[in-house]
Amino acid sequence: MSPEYDPDDEYAPEPAEEQWWLTAFNRMLVWARLRVMESGVAHVFDSTGNTLVYESADIARAALMDAEFSALDGMDDEDAVAATGMLLDELAPPHGDSDEQLLPQMIRTLGPRHARH
């Protein structure tokens, strides 16, 4: 089995792919980060600070879709409004140099104009 990716280890290999996913409910915007390693193993960093490990990117994507998350990549304004009540240019994924910096940004309270019906 290949070693797991540790974002705080400066010698760890970089993920081959990174993708942001989001969902909105109860006036909350919730993010999840999908990282696919060169080995094909996928890691999902969730809004509780956990990193869930999946055998493949397809399995991880299916789990995210089952939890009603949508991939930010490929969204247009219509998709964004349907998923979150927000326009695409209003959706900026969390940013930071470590998971600890990302964690407080993984859940965002939405104002009343963004509530989905």
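A simple count of charges around A16, restricted to other residues whose Cβ falls under 11 Å of its Cβ and scoring Lys, Arg +1 and Asp, Glu -1, yields -3. What is the local net charge at V30, summed over the other residues whose Cβ is closer than 12 Å to its Cβ (Lys, Arg +1; Asp, Glu -1)? After counting each charged neighbour, the total is +1.
At full extension, A63 and E78 could sit 3.1 nm farther apart than now, given 0.36 nm per residue minus the alpha carbon distance. Here the Karplus curve 6.51 cos²θ - 1.76 cosθ + 1.60, taken at θ = phi - 60°, turns the phi angles of region 68-85 into couplings of 6, 8, 10, 6, 5, 4, x, 6, 10, 4, 4, 4, 4, 5, 4, 7, 10, x Hz, with x standing for Gly and Pro.
Within region 17-111, the proportion of Cα pairs with more than 24 Å between them is 17 percent. Note on region 54-101: Cα-Cα pairs beyond 14 Å make up 61% of the total pair count.
Applying the Karplus relation 6.51 cos²θ - 1.76 cosθ + 1.60 with θ = phi - 60° to region 28-42 yields 3J(HN,Hα) values of 10, 9, 10, 9, 9, 10, 9, 10, 10, 7, 4, 6, x, 5, 10 Hz, where x marks Gly and Pro.
Only the coordinates and a few stated rules stand behind these numbers; no lab work does. What you are looking at is a predicted structure, and each value in this text was computed from that prediction instead of being measured. All Cβ positions, glycine included, derive from the backbone under ideal geometry; neighbour counts span all protein chains shown.
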